[in-house]
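Peer 1: Here it is: the structure, laid out below.
The values are calculated or read from the model by the stated rules, or taken from the named source; none is laboratory data. Keep in mind the model is a prediction, meaning the values are calculated, not measured. Every residue, glycine among them, receives a Cβ derived from its backbone with ideal geometry; neighbour counts consider all protein chains shown. Remember, those area values only see protein heavy atoms, side chains included, never the ligands or the DNA or RNA. Shrake-Rupley method; radii C 1.70, N 1.55, O 1.52, S 1.80 Å.
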Amino acid sequence: MTILDAITPATGGRTVLDPATGEAVGRVAELGVAELDSAVAAARAAQPAWAARGDAGRVEVLGAAADAIEANAEELAVLLSREQGKPLNGPNARFELEACATWLRATLAVPLEPEVAVDDGETYAEIHHRPLGVVGAIGPWNWPMMISIWQLAPALRMGNTVVLKPSEFTPLSVLALAHVLNTVLPADVLIAVPGGREVGEALSTHPGIDKLMFTGSTVTGKAIIRASADSVKRVTVELGGNDAGIVLDDADPAAIAEGLFWGAFINTGQTCAALKRLYVPDALYDAVCEELTKVAGAMPMGVGLDEQNVLGPLQNRKQYDIVAGLVDEAKAGGGRVLIGGDPDPSAPGNFYPTTLVADLPNDNPLVAREQFGPALPIIRYSSLDEAVAWANGLDVGLGASVWTPSPERARDVALRLDAGTVWINEHGAIDPRVPFGGAKQSGYGVEFARAGLLECAQPVAIKGAAGSFAPSA
Ligand code: NAD
């Protein structure tokens, strides 16, 4: 039996279509609030035994879950490619499956000993971390498997159980991943509930949920924060971004062009922390435009299962229309299209061509709004102060990048940028050992590393006079 067979309802369900071809990928059961209630009750019932396994016991089971992902990686990658649209090759479907196993293992490798806060001979205080209970996870459609792992791995390691609500655009990918994980996990420790927005809303207010981990748009994130307030749920919100990259005037355009390209076009631009606005100084402007156009022209776009492709379709028509509309506004606003910008809306699939637009003013909508697709505006600047002000001028701040061979200049400019992460000579290169989160309206809370794990736990301080209680080993 294939994984897809195993997650397909016996009858009924909604047909999910391949965004590259319009063909049916499979069927998904659409669950509602009643099924969500049952799932939360089951996850609550399973939580004490999961917590009682202790950290070493949980790490062992989760290590076996990482093995299960690796053993099923190719089958999962093919399903992901068909449902999400991303090609098997390039930084796409196979890469996402590798990242799932890598992130899960990295989460298990983080040391979690209690922290000694005071030990001065008079006072002794330790900070322990206990499970919160049941974590509700709500995810987007761009990296559906990897982001599910980002949410469930720290939650499970810390002794919580998880109820996961996939995006309605990519439910099969998440159900398939959960199915593989559940071949190893005890019953009801991880439950995926496919459903629409109403299931997400019910999860946000649910009295049986102790913490919400949300990755998605800023608009939805705000709704979730409001909905969770009555029960004072812990919330981690990883929201939208409009990341700026600043090329400094000592950079080598030919040397950085490929890094710039993949910083912007990874997953065909459908990435939260992709480079979405590129600022280039007068002196290098033409050369950067030329080198980037060369790289862009050489990257094949097409159906994901075709091994040669490294760029795919937009996952859904709504996103296609957003990208097409922003490029049209860019053209109307005086933008010079270097490549792309000429979609064929009657062709099958949601393919929007790789697009670079030069000569735009900083307030053009393609610059000021999140495009979340394969269209990059390149903006000319005359002074570094102006570029920094423009980069910091929006109300979001997920990532940013600085491109220069000078380590001193790189650090100085990085420290002036309002973002959760500033990359040097790379963009979007997240790492499970480095905490990741947004500044401003890109969210709050961090994921990854010890800091990310601790967000899925209740800190408990134990304090007394020195010698009044036995320190943990
Ligand atoms: P979205 O906000 O439309 O949907 C995300 C999820 O929220 C879906 O599962 C949806 O069903 C659910 N949802 C919708 N309304 C809800 C509500 N009122 N209450 C509870 N749940 C609700 O986001 P999307 O279009 O799937 O994802 C794209 C966005 O996500 C982009 O803005 C992107 O930048 C952002 N994103 C951020 C990160 C990050 O780590 N910061 C990562 C990936 C994507």
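Peer 1: Assess whether Gln308 counts as being within 24 Å of the chain's Cα centre (by Cα) and either open to solvent by less than 70 Å² (accessible area, probe 1.4 Å) or modelled with pLDDT of 95 or more (or both).
Peer 2: no
Peer 1: Among the listed residues Val434, Val446, Val422, which satisfies the condition of being within 21 Å of the chain's Cα centre (by Cα), open to solvent by 20 Å² or more (accessible area, probe 1.4 Å) and within 13 Å of the ligand (Cβ to nearest atom)?
Peer 2: Just one listed residue meets the conditions, Val446.
Peer 1: Somewhere in the stretch 19-35, is a residue assigned by TED's automatic domain parsing to the domain that holds Gly208, out of contact with any Asp or Glu (no Cβ under 8 Å at 6 or more places or on another chain), in a helix (DSSP H, G or I) and loosely packed, with under 15 Cβ neighbours inside 10 Å?
Peer 2: Yes; the residues of the stretch 19-35 include at least one that is assigned by TED's automatic domain parsing to the domain that holds Gly208, out of contact with any Asp or Glu (no Cβ under 8 Å at 6 or more places or on another chain), in a helix (DSSP H, G or I) and loosely packed, with under 15 Cβ neighbours inside 10 Å.
Peer 1: I'd like the full set of residues that are of a type outside the set (Ser, Thr, Tyr), out of contact with any Phe, Trp or Tyr (no Cβ under 9 Å at 6 or more places or on another chain) and in a strand (DSSP E or B), limited to the stretch 1-18. Even if it seems obvious, please write down each step before you answer.
Peer 2: Keep residues of the stretch 1-18 that are of a type outside the set (Ser, Thr, Tyr), which gives 1, 3-7, 9-10, 12-14, 16-18.
Next cut, out of contact with any Phe, Trp or Tyr (no Cβ under 9 Å at 6 or more places or on another chain) only: 1, 3-7, 9-10, 12-14, 17-18.
Passing the criteria: Arg14, Leu17.
Peer 1: Still on this structure, please answer the following. For Val232, work out the one condition from (1) buried (at least 22 other Cβ atoms within 10 Å of the Cβ); (2) more than 14 Å from the ligand (Cβ to nearest atom) it doesn't fulfil.
Peer 2: Tallying (1) buried (at least 22 other Cβ atoms within 10 Å of the Cβ); (2) more than 14 Å from the ligand (Cβ to nearest atom), Val232 fails exactly one: (1).
Peer 1: Another one. Can you report the number of residues in the stretch 353-407 which are of a type in the set (Asp, Glu) and in a helix (DSSP H, G or I)?
Peer 2: Result for the stretch 353-407: 2.
Peer 1: For Arg277, are the conditions met, namely being open to solvent by 30 Å² or more (accessible area, probe 1.4 Å) and either within 20 Å of Asn392 (Cβ to Cβ) or at pLDDT 95 or above (or both)? Break it down stepwise before answering.
Peer 2: On the way: open to solvent by 30 Å² or more (accessible area, probe 1.4 Å): no; either within 20 Å of Asn392 (Cβ to Cβ) or at pLDDT 95 or above (or both): yes.
Judged against the criteria, Arg277 is not a match.
Peer 1: Take the conditions more than 15 Å from Lys276 (Cβ to Cβ), away from the ligand (no atom under 16 Å from the Cβ) and either of a type in the set (S, T, N, Q) or in contact with a Leu (Cβ under 7 Å, 6 or more places away or on another chain) (or both) and apply them to Ala457. Does it pass?
Peer 2: Details: more than 15 Å from Lys276 (Cβ to Cβ): yes; away from the ligand (no atom under 16 Å from the Cβ): yes; either of a type in the set (S, T, N, Q) or in contact with a Leu (Cβ under 7 Å, 6 or more places away or on another chain) (or both): yes.
Considered against the rule, which asks whether it is more than 15 Å from Lys276 (Cβ to Cβ), away from the ligand (no atom under 16 Å from the Cβ) and either of a type in the set (S, T, N, Q) or in contact with a Leu (Cβ under 7 Å, 6 or more places away or on another chain) (or both), Ala457 comes out as yes.
Peer 1: Right, here's the next one. Taking the stretch 392-414 only, how many residues are open to solvent by 10 Å² or more (accessible area, probe 1.4 Å) and either modelled with pLDDT under 95 or farther than 23 Å from Thr293 by Cβ (or both)?
Peer 2: 12
Peer 1: May I pose another question? It is to be established whether one or more residues within the stretch 58-77 are under 21 Å from Ile191 (Cα atoms) and within 16 Å of the ligand (Cβ to nearest atom).
Peer 2: no
Peer 1: A follow-up question, please. Quick one: would you say Pro300 is under 17 Å from Ala264 (Cα atoms) and in contact (Cβ under 8 Å) with a residue 40 or more places away in the chain?
Peer 2: In short, no.
Peer 1: Between a residue in the stretch 200-214 that is in contact (Cβ under 8 Å) with a residue 12 or more places away in the chain and acidic (Asp, Glu) and any residue that is outside any strand (DSSP E or B) and within 9 Å of the ligand (Cβ to nearest atom), which pairs come within a Cβ distance under 9 Å, given they are 6 or more apart or on different chains?
Peer 2: Once the first residue is in contact (Cβ under 8 Å) with a residue 12 or more places away in the chain and acidic (Asp, Glu) and sits in the stretch 200-214, its partners that are outside any strand (DSSP E or B) and within 9 Å of the ligand (Cβ to nearest atom) give Glu201/Ala223; Glu201/Ile224; Glu201/Ala227.
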